[in-house]
Amino acid sequence: MKGKTILIVEDEPNIAEVVSLYLERADFKVRVARDGLAAMTILEERIPDLIVLDIMLPELDGFAITRWLRERSNVPIIMLTARRDEIDRISGLELGADDYVVKPFSPQELVSRVRAVLRRTSQAEIQPQDAQPVTAGNLTIEPLSRTATLQGETLTLTAKEFDMLHLFASRPQQVFTRDQLLDRVWGEVEYIDPSTVTVHVRRLREKIEEDPSSPTRLITVWGVGYKFVPDTKS
Ligand code: CA
């Protein structure tokens, strides 16, 4: 959870300052917006990992910001409220805040809530099917322990080799282009040389093929990309 960015939207300087201090001490990166428009400017530039959002703000209130934001992002929101009668609206389905804290609150409690919401939402991001073991022929992949075995032998794989093999084995016979592999295995990084894929495929073959120079499992589909063919005999 270290290094996650939290945006605090709060017009009361004392509260903003104390909350920032506690979150920074807990190793979060903090940005502060003093009103709704400042918050939108920051959010249009970059969505943080979580937003602590006061309801009573000048210009645009917390409800309006949440509605605007929900059309763009599922970023977790913890709302700050000074009024009990606002709680029904916050917890109402229409808004989609993830939690709320009633003023006055202890900053330490807010930090705990931030941690709890981040834990909950990051777990929800793990797709259940991605956690399921995959068996393809005599290859078995255990995503949770990040281990792969071939014919009962544990393979020694780097993180990217594991991710690539997991992707291939989850979709046997499906052809992946280099771009798709870059996208799925390397994700959103600025620039990766496409030959990186070729290098990783070669290394993976050295680990899973009987004869890496004439592969039978990780096959080149000429002019397109690669596919994984499970062994038919076990
Ligand atoms: Ca306020």
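Summary table below
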{"item": "Residues within segment 1-21 that are more than 22 Å from the chain's Cα centre (by Cα) and either surrounded by fewer than 18 Cβ atoms within 10 Å (Cβ to Cβ) or in a loop (DSSP other than H, G, I, E, B) (or both), tallied", "result": "8"}
{"item": "Near pairs, Cβ below 9 angstrom, 6+ apart or cross-chain, from segment 118-143 (farther than 30 Å from residue 100 by Cβ and small (Gly, Ala, Ser)) to any residue that is assigned to a helix (DSSP H, G or I) and modelled with pLDDT of 75 or more", "result": "136/168; 136/169; 136/170; 137/169"}
{"item": "Matching option when the condition is assigned by TED's automatic domain parsing to the domain that holds residue 107, in contact with a Leu (Cβ under 7 Å, 6 or more places away or on another chain), charged (D, E, K, R) and under 17 Å from residue 97 (Cα atoms), among 54, 61", "result": "54"}
{"item": "Filter result for residue 86 (in a helix (DSSP H, G or I) and modelled with pLDDT of 90 or more)", "result": "no"}
{"item": "Top-ranked residue of segment 22-41 - restricted to ones that are open to solvent by less than 40 Å² (accessible area, probe 1.4 Å) and part of a loop (DSSP other than H, G, I, E, B), ranked as nearest to the ligand (Cβ to nearest atom)", "result": "28"}
{"item": "Index of the failed condition, residue 50 passing every other in (1) surrounded by 15 or more Cβ atoms within 10 Å (Cβ to Cβ); (2) under 23 Å from residue 112 (Cβ atoms); (3) within 12 Å of the ligand (Cβ to nearest atom)", "result": "(3)"}
{"item": "Residue match in segment 69-86 (condition: in contact with a helix residue (DSSP H, G or I) (Cβ under 6 Å, 6 or more places away or on another chain), of a type in the set (Asp, Glu) and either open to solvent by 70 Å² or more (accessible area, probe 1.4 Å) or away from the ligand (no atom under 16 Å from the Cβ) (or both))", "result": "no"}
{"item": "Failed criterion for residue 109 (all others in (1) at pLDDT 90 or above; (2) within 16 Å of the ligand (Cβ to nearest atom); (3) of a type outside the set (Val, Ile, Thr) hold)", "result": "(2)"}
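The values are calculated or read from the model by the stated rules, or taken from the named source; none is laboratory data. Predicted model only: the values in this text are computed from it and were never measured. Because the Cβ atoms are built from the backbone with ideal geometry, glycine has one as well, and the counts that use them run over all protein chains shown. Only protein heavy atoms, including side chains, enter the accessible area calculation; ligands, DNA and RNA are left aside. Shrake-Rupley method; radii C 1.70, N 1.55, O 1.52, S 1.80 Å.
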